[in-house]
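*Asks:* One structure is given below, represented as structure tokens, and several questions about it will come after.
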Amino acid sequence: MEKRTYQPLNVLNVMRGFQHRDLPHAVTPYRFETPTGERHRIIEIRQVHRERVGKVFHYHYVVKTEDQRYFHLVFDSGILAWKLVQEVDEELFFS
């Protein structure tokens, strides 16, 4: 089985400690930077789901940035790191 390697990211995020209406997600990303220096401010979280991988969780986010681009990001709770899975085409969203 081939293991994929995803690009690491620096992400400014908030970790929720208790339920609050302004923080609907356990981990909320606000902006990110790629190793090449590209910076993106997140203006909308379009999709979120949590996936168990072994003993840890991966939090998957499809986010919209201020320059109208969409990205699939993953937070790995086992190593406390963010990865870029791919840039997503807007046409994949029907709403």
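Just so it is clear, none of the values below were taken in a lab; they were calculated from the coordinates. Small disclaimer: the values here were computed from a predicted structure and weren't measured. Backbone-built Cβ (ideal geometry, glycine too); neighbour counts: all protein chains shown.
*Asks:* Semi-axes of the equivalent ellipsoid for the chain, please: Cα gyration tensor eigenvalues, times 5, square-rooted, ordered largest first, whole Å.
*Replies:* Details: eigenvalues 72, 67, 40 Å².
Values for the chain, descending: 19, 18, 14 Å.
*Asks:* Could you compute the FRET efficiency for VAL48 and GLN7, with r as their C-beta to C-beta distance and R0 at 25 Å, rounded to 0.05?
*Replies:* 0.80
*Asks:* On a full-extension model of 0.36 nm per residue, what is the gain between VAL85 and ARG21, subtracting their alpha-carbon distance, rounded to one decimal in nm?
*Replies:* Taking 0.36 nm per residue and subtracting the Cα distance, the gain is 20.2 nm.
*Asks:* Mark the label point 7 Å from the Cα of ARG41 along Cα→Cβ and return the residues of region 62-77 whose backbone N is within less than 19 Å of it.
*Replies:* Residues 63-71 fall inside that zone.
*Asks:* List ILE43, ILE79 from most exposed to least, where exposure is judged by having the fewest other Cβ atoms within 10 Å.
*Replies:* With the fewest neighbours first, ILE43, ILE79 line up as ILE79, ILE43.
*Asks:* Give the Rg (one decimal place) followed by the Dmax (whole number) of region 1-42, computed from C-alpha coordinates and expressed in Å.
*Replies:* 13.8, 41
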